[in-house]
Amino acid sequence: MSFGRMHRKEDARFIRGRGTYTDDVRLPGMLYGAVLRSPHAHARIVSVDASAAEAHPKVKAVITGRTLEGLGLAWMPTLSRDTQAVLATDKVRFQGQEVAFVVAEDPYSARDALELIDVEYDPLDAVVDARRALDPGAPVIRDDLEGRTGNHIFDWEAGDRARTDALFEQAEVTVAQDMIYPRVHPAPLETCGAVADFDKVTGKLTVWCPTQAPHAHRTLYAMVAGLPEHKIRVISPDIGGGFGGKVGIYPGYVCAIVGSIVTGRPVKWMEDRSENLMSTAFARDYHMRGEIAATRDGRIQAIRVKVLADHGAFNGTAQPTKFPAGFFHVFSGSYDVEAAHCEVTGVYTNKAPGGVAYACSFRVTEAVYLVERLVDMLAAELGLDPAELRMRNLLRPEQFPYVSPTGWEYDSGDYPKALRLALDLAGYDELRAEQADRRARGELMGIGISFFTEAVGAGPRKHMDILGLGMADGAELRVHPTGKAVLRVSCQSQGQGHETTFAQIVGQELGIPADDVEVVHGDTDQTPFGLGTYGSRSTPVSGAATALVARKVRDRAKIVAAAMLEASPDDLEWAGGRWSVVGDPSTGKSLAELALAAHSDLELPEGVEGHLDAAIVYNPPNLTYPFGAYICVVDVDPGTGQVKVRRFVAVDDCGVRINPMIVEGQIHGGLADGVGMALMQVMAFDEDGNHLGASFMDYLLPTAVECPSWELGETVTPSPAHPIGAKGVGESATVGSPPAVVNAVVDALGPYGIRHADMPLTPANVWRVVQGRPFRTDLAIP
Ligand code: MCN
Ligand code: CUM
C-alpha cells in the first residue's frame, strides 16, 4: 500500500533551502529588467521620452509600447479571449499598469533608469465602482476595442428563469440580500517573474517562470511572440505558492522575452511585493443580489441571483472560456431546490485585471458564500436553527448522481452524514447552550455553519476550454529495468506535494514504494501536453491519468508475467502488488522482476515490445464534487469590534485520500485563507482609483495569531468518475470557510438585529455595523 501519511519527498530540498525558484536561475551574461508603471488609474499617454534612460551607462535597452507596436507585440491575448496591453500605448487603464521596460546590467541600474523615463499623462476620470461602470456617460475604458461604447463585457445566465420566478411569486417566505465578495489577492510568498533566454542561433526560446500551467504558457507565448511552438521551452521551477495567481501570463513575462530577443542575452525580471499586489492576480469583486424562496416550514424552493462582476481593465479571467462566470453554476449549493436562476453581468473598471483565480474553483467561492449566507438569513427569518434548516434541505445520498437546476451533475456524496459529524465534533448543542448563557451576560458569541459543494477537475472537453484548447491531460510512465519508475505529468505543483502524492498513486497501482517513483513536471520539453494545475484539477485529471497509465504498465507487465509463468494471461491475478497464477501466490512476480524480464531476451508475446513504458491522454468524463461541513465559533468584542475565532471544525470529503497528511495541510492552509478573507482582506481603492493595499502593511495576511487550532474530521465518498475514487481538495477550505466565519460573526451580532454584514469583518467594520451605520467594503476604508 502506498496511500497514507508519507512525508513529502520535496521537503528534503525545501526545508534545507535547496529549492530552485525562478529568482534562483542565473545564466551567464544575464541582464535584468524592471517595469515602469502608471501612477494614474486612467490617463491618456501624451508622450514617452526614454532618451535619458537609454543614455544610462548600464542600460542595454528601453522598451516602450511604441517599440512593441512596431513588433506587433503591444497587446497580448488573455485566457478569456480578451486582450491586454503588454506596455501601454494609447492610455493607461489602471494604477500600476506597465508602461515601459528597462533592461540593464544589474537590477539596481534597471530600477534607477526607470526614473529617467519621462512620461506625460493627460489624466481622465476613472471608473472605480463597478456599480457606476454602466452609467450613461461613464468614461469608456476599453476604447481600444472596436465599436466599444461602454464598459459592458458580457451577460451570462444559467437556470430556468420562468420556473424560478413562478416559485418566488407563490412562495410563503422570501429573503433577499445584497452582498459583496470583496476584491482580494492570493499574495503568494514568491512574487511573479521570468527569466527569458532567446538563442539567436537555434531560434529557441527558453522561459523560466513560476507558472501553474507550463503548456498553456508555451502556447500563449507562441501566439504572442509569433515564435514556432516547438522552439519554445517553458520551465516552471519550484514555485513559492500560486493560489491561482500564476495561471495566466503577465506583461512582464512578455517584456523579458522581448528584452532577450532585442539584446541577444538572457533577461531576468522579478516583480517586488508592491508590484505583485498592484498588478497581478485579483480575484472575486462580485456584487451579488441573492434571493431565496421557501415554505414556512423551511423547505427551500428556489434561488435567484443577480451579479455584477468587476473584471478590472482587462478581462484576465483564468477560467474556462465557455463560461464567462466560471463555475458559478453551483450557486444552488448543496440543497435540493426545485429551480434556480442567475444572471451575471461583467464590466470593465479602472483596476488591475480581475476575475483571476484565488483558490476559488472559478467562482465556486462566490457561489458558496452567497447561498450559505442566504440560508442563514432564511433560518433567522423562519426562527429555525441554521443546522436544522440545512438538514431539512441538504441533498440526500440516494439523489446522487444529482443533476443541479443548472444542469451540472454532482457525482457522489452523503451530505447529512458530513453535517452530523461536524455538529458532533463541535458539540453543537452545548455550544448553543453556552451561547444562550453568554448572551444573558451581554457577551457576543457566535456559531456559524457552512456546507459547501465544490466543483473541481476541469474538465470534460465538451464543456470547457482555455484558449480554445480542450482540457485532456497526458501522463507518461517509464519503468527502468530494475523496476524504478519515472512519471511525467503536465500539472505543476506550487506547494501541493505532487512529487509525493503522484508517486504514491503509481506506487499503489504497481506495488512498488513511492520512493521508487520520480515525478517530472513543470518542463514542456520533458512532459506531455496538458493544461496544468488550477481548479484543484491535478488529482481529478492528472492524478486519474497517472493511475490509468500505471494500470497500462501493469497490463503490459501481466503479459510478461504470463510468458514467464508459461500461463495464459487470463489465469493471472493481481494480488499483493504482484501478478500470480490465480490461487497460487507463490508464483507471484513483482514489477521489478517483470521489468527486468521485459528488458531481457525473454521471448515476448505480442503487446510488449521490450519494455513496460506507457503513455496516455485522459479526458475526464465529469468534474469531481468534493464537499464539506464547517462550523466556526467566534467571540466578538462589542466595544472594539474585534473578532476572535475561538474554534473551527472542518469535516471534508474529498473521496479517497491519497496522502491524508497532505490533504490536511491543504485544508489548514485554505482555512487560514478563509479566515483572512472573512476578517481582514480587501483590495481597496480610493475614488480616483488609487490602490490602497499595495503592501502587507495595508493588505493583511492571517497568521497563526488569528487562527485557532483547526479541528478536522472526514467522511469518504469515492468519486465514481475517478479511477481511484479521489476528488480534488486544494481549494475546498478556501471556498467553504469564509461563509462559516461570516455566519458566526452575524450570529454573534444577532442581539443587535443584524442579519448581514459584508466582508471583511475588520474591527472597524464590525464596530460600525454595531453602531447601525452602513458601510462599504469595496471602496476606501478610512
Ligand atoms: N490529494 C490527496 N487526496 C485527495 C485529493 C488531493 O492526497 N483525495 C493531494 C493531491 O495529490 C495534491 C494535493 O492533495 O498533492 C492537492 O490536490 P488537488 O486537490 O488535486 O489540487 P491541485 O494539486 O490541483 O492543486 C491546486 C489547488 C489550487 S487550484 C490552488 S489555487 C491552491 C491549492 O491547490 N494553491 C496552492 N493548494 C495550494 N497549496 C499550496 N501549498 N500552494 C498553492 O499555491
Ligand atoms: Cu481558483 S485558484 Mo487555483 O484554481 O489555481
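Would you give the gap between the C-alpha center of region 462-490 and the C-alpha center of region 162-232, rounded to a whole Å?
Centre-to-centre (Cα) distance: 21 Å.
Within 13 Å, Cβ to Cβ, of VAL716, how many net charges do the neighbouring residues add up to if Lys/Arg are +1 and Asp/Glu are -1?
On the way: positive: LYS417, ARG657, LYS727; negative: ASP414, ASP652, ASP653, GLU714.
Every neighbour counted, the sum reads -1.
Which ordering of LYS644, LYS60 is given by a fewest-first count of other beta-carbon atoms within 10 Å? The partial results should precede the final answer.
Details: LYS644 12, LYS60 21.
The most exposed by this proxy come first: LYS644, LYS60.
In whole Hz and in residue order, list the ³J(HN,Hα) couplings for region 403-415 that follow from phi through the Karplus curve 6.51 cos²θ - 1.76 cosθ + 1.60, θ = phi - 60°; x for Gly and Pro.
Using θ = phi - 60°, the values come out as 9, 6, x, 9, x, 9, 9, 6, 6, 6, x, 10, 5 Hz.
Translational diffusion coefficient of region 185-283 at 20 °C, 1.002 mPa s, Stokes-Einstein with Kirkwood Rh over Cα pairs, in µm²/s as a whole number.
Details: Rh = 13.5 Å.
Diffusion coefficient, whole number: 159 µm²/s.
State to the nearest 20 debye the size of the charge dipole of region 473-618 about its Cα centre, where the only charges are +1 on K and R beta carbons and -1 on D and E beta carbons.
Numbers: 11 positive and 21 negative charges, 89 e Å.
Dipole magnitude for region 473-618 comes out near 420 debye.
On full extension of the chain, what length is gained from ALA176 through ARG161, given 0.36 nm per residue of separation minus the C-alpha to C-alpha distance? Mind showing how you got there, number by number?
Values: separation 15, 0.36 × 15 = 5.40 nm, distance 1.67 nm.
Taking 0.36 nm per residue and subtracting the Cα distance, the gain is 3.7 nm.
Highest mean first, how do 458-468, 415-425 rank when packing is the count of other Cβ atoms within 10 Å averaged over residues? Could you put the intermediate results ahead of the total?
Values: 458-468: 18.0, 415-425: 20.1.
Result, highest mean Cβ count within 10 Å first: 415-425, 458-468.
Could you please report the charge total around ALA514, scoring K, R as +1 and D, E as -1 over all other residues with beta-carbon less than 15 angstrom from its beta-carbon? Write out the running numbers ahead of the final one.
Numbers: positive: ARG5, ARG8, LYS9, LYS484, ARG657; negative: GLU10, ASP11, GLU499, GLU509, ASP515, ASP516, GLU518.
Result for the local shell: -2.
Which FRET efficiency, nearest 0.05, do LYS462 and GLN526 yield, Cβ-Cβ r, R0 41 Å?
On the way: r = 30 Å, r/R0 = 0.72.
Calculated transfer efficiency: 0.90.
How many angstrom separate the Cα center of region 647-692 from the Cα center of region 569-612?
47 Å
Go through LEU548, ALA158, LEU36 and say which Cα lies farthest out towards the positive end of the charge dipole of the chain; charges sit on Cβ, +1 for Lys and Arg, -1 for Asp and Glu.
Towards the positive end, the residue furthest out is LEU36.
Given the DSSP H assignment, sum -39500 (n - 2.57) over each helix run of at least 4 residues in the chain and divide by its residue total; what's the result at 222 nm in deg cm²/dmol, nearest 500? Don't skip to the answer; put the middle values down first.
Details: 18 runs with 207 residues, N = 782.
Result for the chain: -8000 deg cm²/dmol, rounded to the nearest 500.
Could you go through region 723-735 in sequence order and give the Karplus-derived ³J(HN,Hα) for each residue, using 6.51 cos²θ - 1.76 cosθ + 1.60 with θ = phi - 60°, rounded to whole Hz, and x for Gly and Pro?
x, 10, x, 8, 10, x, 9, x, 10, 3, 6, 5, 6
Indicate the gyration tensor shape class of the chain (rounded, prolate or oblate), computed on the Cα atoms with a ≥ b ≥ c the square roots of the eigenvalues: a/c under 1.5 is rounded; otherwise a/b larger than b/c is prolate and the rest oblate.
Cα axes put the chain in the oblate bin.
Counting only the backbone N, which residues of region 254-288 are under 20 Å from the spot 7 Å out from the Cα of VAL201 toward its beta-carbon?
260-267
Report relative contact order for region 473-618 in percent, whole number only (criteria: Cα-Cα under 8 Å, sequence separation at least 6). Spell out each step's value before the answer.
Working: 285 pairs, mean separation 47.1, N = 146.
Relative contact order comes out at 32 percent.
Which of the aspartates and glutamates could a cross-linker bridge to LYS204, judged by Cα under 19 Å and excluding same-chain residues fewer than eight apart?
GLU229, ASP523, ASP525
Report the charge-dipole magnitude of region 606-648 in Debye, nearest 20, computed about the Cα centre from +1 at each Lys and Arg Cβ and -1 at each Asp and Glu Cβ. Could the numbers behind the result be given before it?
Working: 3 positive and 5 negative charges, 120 e Å.
Using Cβ point charges on Lys, Arg, Asp and Glu, region 606-648 gives about 580 debye.
Compute the relative contact order of the chain as a whole-number percentage, counting only Cα pairs closer than 8 Å that sit 6 or more residues apart in sequence. The partial results should precede the final answer.
Details: 2036 pairs, mean separation 121.5, N = 782.
Averaging sequence separation for qualifying contacts and normalising by length gives 16 percent for the chain.
Over what distance in Å are the Cα centres of region 401-454 and region 85-159 separated?
Cα centroid of region 401-454 versus Cα centroid of region 85-159: 44 Å apart.
Taking the simple approach of a point 7 Å from Cα along Cα-to-Cβ for both LYS322 and GLN642, what is their distance in nm?
5.1 nm
Test of the criteria: in region 427-492, which GluC sites (Glu not before Pro) are in a DSSP loop and have at most 16 other Cβ atoms within 10 angstrom of their Cβ?
For GluC sites (Glu not before Pro) across region 427-492 that sit outside H, G, I, E and B with at most 16 neighbouring Cβ atoms in 10 Å, the list reads GLU443.
Run the dipole for the chain about the Cα centre, Lys and Arg Cβ at +1, Asp and Glu Cβ at -1, nothing else charged, and hand back the magnitude in debye, nearest 20.
Numbers: 73 positive and 101 negative charges, 73 e Å.
Its charge dipole is roughly 360 debye.
Residues with amide H under 5 Å of ALA575's amide H, sequence separation 5 or more or different chain, H placed in the peptide plane at 1.01 Å from N; which?
Excluding prolines and chain starts, which carry no amide H, the hits are SER580.
Name the residues whose placed amide hydrogens come within less than 5 Å of the amide hydrogen of ASP129, ignoring near sequence neighbours (fewer than 5 apart) on the same chain.
The answer is none.
If Lys and Arg each add +1 and Asp and Glu each add -1, what is the summed charge of the other residues whose beta carbon sits under 15 Å from the beta carbon of GLY407? List each step's numbers first, then the result.
Values: positive: ARG161, ARG163, LYS322, LYS462; negative: GLU157, ASP160, GLU338, GLU409, ASP411.
My count for the surroundings of GLY407 gives -1.
Step through the table entries LYS58/LYS200; LYS60/LYS246; LYS306/LYS727; LYS322/LYS644; LYS91/LYS268, compare each Cα-Cα distance with 32 Å, and write down the pairs that go over it. Could you put the intermediate results ahead of the total?
Values: LYS58/LYS200 23 Å; LYS60/LYS246 28 Å; LYS306/LYS727 30 Å; LYS322/LYS644 41 Å; LYS91/LYS268 27 Å.
Violating the 32 Å limit, Cα to Cα: LYS322/LYS644.
How large is ³J(HN,Hα), in whole Hz, for each residue of region 493-505 in order, when computed from phi with the Karplus curve 6.51 cos²θ - 1.76 cosθ + 1.60 and θ = phi - 60°, using x for Gly and Pro?
Karplus-based 3J(HN,Hα) across region 493-505 equals 6, 10, x, 7, x, 4, 4, 8, 5, 6, 5, 5, 4 Hz.
None of the figures in this text is laboratory data; all of them are computed from the coordinates on show. Quick caveat, the model's predicted, so the values are computed rather than measured. For neighbour counting, all protein chains shown are included, and Cβ atoms are generated from backbone atoms with ideal geometry for every residue, glycine included.
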